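Below: one structure, written as structure tokens.
The values are calculated or read from the model by the stated rules, or taken from the named source; none is laboratory data. No experiment lies behind these values; they were computed from the predicted model shown. Positions of Cβ are generated from backbone atoms using ideal geometry, with glycine treated the same way; all protein chains shown enter the neighbour counts.
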Amino acid sequence: MNLLNHYKAEIRFALILVAVVTLSIWASRFIPDDYFDTAITPILMSASTAVALCCAWITIRHTEGYRMRRLWAFTLLLWGLLDGIYVISWLFMGKPVMNMGAYELTTLELALGNLLGWSLLLFPTEALRPGWLTFRRALLQILPMYALLALDYILPVDLRILVALYPLVLLALLFTQVREYRIWCEDNFSSLEDIDERRIIRYIFVGFLIVAVYTYMCISHEHARGFTQQWLVIFTLVYGTDLILFRRDPWEQVRQSMKSHSPKEEEPSQSNEEYRRALEEWMEKEKPYCNPDFKLVDLQKVLPMNRTYLSQFIHAEYDCSFYLFVNRYRIEEAKRLMADNPDLKLADISAICGFSSPSVFSRTFTSITGQSPSDWVKN
């Protein structure tokens, strides 16, 4: 049951995604090819245009200076612009720019499709490695894709599959950064609920699915391919907007916390033993860990070090991340409360000790002690 609660969001997300794909494939079987190309695709393109531009408007109104949100707004505007061109060409020229039905993808469709697919990677790249993506690096990411397109056009060899699979390479490279991001978060935060990397993993998974359908569009002549792709795109645009607007940016939190603290010494001036004694006395007396938003930079109140030295100090002295260091204190506090107040509810104990929810408290307690809170009380 605890495992199901832990992965509740993943299960709900998977069910929604399976429903989107399954229903789109099932519904497409009842749509004739000619009707699909002349009516259904333009309608879906109009819907994706409206969704992209609406989400872009909402995101732009709430960028709040975050580079990640500006990049996502750019992605939405790009999708809205290109899909809008399709709709306009269908309405006023009587002929669409792209044929998304039972036809092979043209060079133009591959070029535009890969450009849009690459744009979906801007948000997770900035989320995992803020500031890394520059204009030069963006060009280096796109260049191999268009080099393959040029070779496909020049050489008598079909390279469309390689072109379609190129975004998959970028996604795989991006996925390798998730573990490093998780380590960074554990070194800087005592609570990971609102900045859980699993949200980004879910987004990347959708990206893998879109690339898979996109590749299928290159080798298949079934009109269901475009139908499913459009529904996945609409789902991704809405999900990405919700994710980016209602997810805390951990990098920004650290930057803001550093601004709120006075400048500290760049290097430690006392021995680790003295710092360790001062830190433990402060933790026992002030109990800062009871604050669910307790961060690594908050240690600067008692340790005159910058963030890098603070992280190194915790690892060297306690052989663990800041996240585990703080949660050990929280668990010990919870033990004292449960022993002294047997009638106190676990939900109240978790809130007092700084946990974001009873489920997080139970999961962390079990991970550190090897038994659940209720079993600990019984024993």
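One table, with the values for the structure above:
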{"quantity": "Any chance ARG67 is of a type outside the set (A, V, I, L, M, F, W, C), more than 30 Å from ALA127 (Cα to Cα) and in contact with a helix residue (DSSP H, G or I) (Cβ under 9 Å, 6 or more places away or on another chain)", "calculated": "no"}
{"quantity": "Of residues in the range 353-365 being part of a helix (DSSP H, G or I) and among the polar types (S, T, N, Q), the one surrounded by the most Cβ atoms within 10 Å (Cβ to Cβ)", "calculated": "THR364"}
{"quantity": "Candidates LEU91, LEU23, LEU82, LEU17 - the one that is surrounded by fewer than 20 Cβ atoms within 10 Å (Cβ to Cβ), among the aliphatic types (A, V, I, L, M) and either at pLDDT below 75 or closer than 14 Å to VAL233 by Cα (or both)", "calculated": "LEU17"}
{"quantity": "The lone exception for ARG276 - which of (1) farther than 17 Å from CYS185 by Cα; (2) not in a helix (DSSP H, G or I) it fails", "calculated": "(2)"}
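Conditions (1) at pLDDT below 75; (2) among the aromatic types (Phe, Trp, Tyr); (3) closer than 14 Å to LEU17 by Cβ; (4) not in a helix (DSSP H, G or I), marked per residue:
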{"residue": "LEU232", "(1), (2), (3), (4)": "no, no, yes, no"}
{"residue": "THR241", "(1), (2), (3), (4)": "no, no, no, no"}
{"residue": "ARG247", "(1), (2), (3), (4)": "yes, no, no, yes"}
{"residue": "VAL254", "(1), (2), (3), (4)": "yes, no, no, no"}
{"residue": "MET258", "(1), (2), (3), (4)": "yes, no, no, no"}
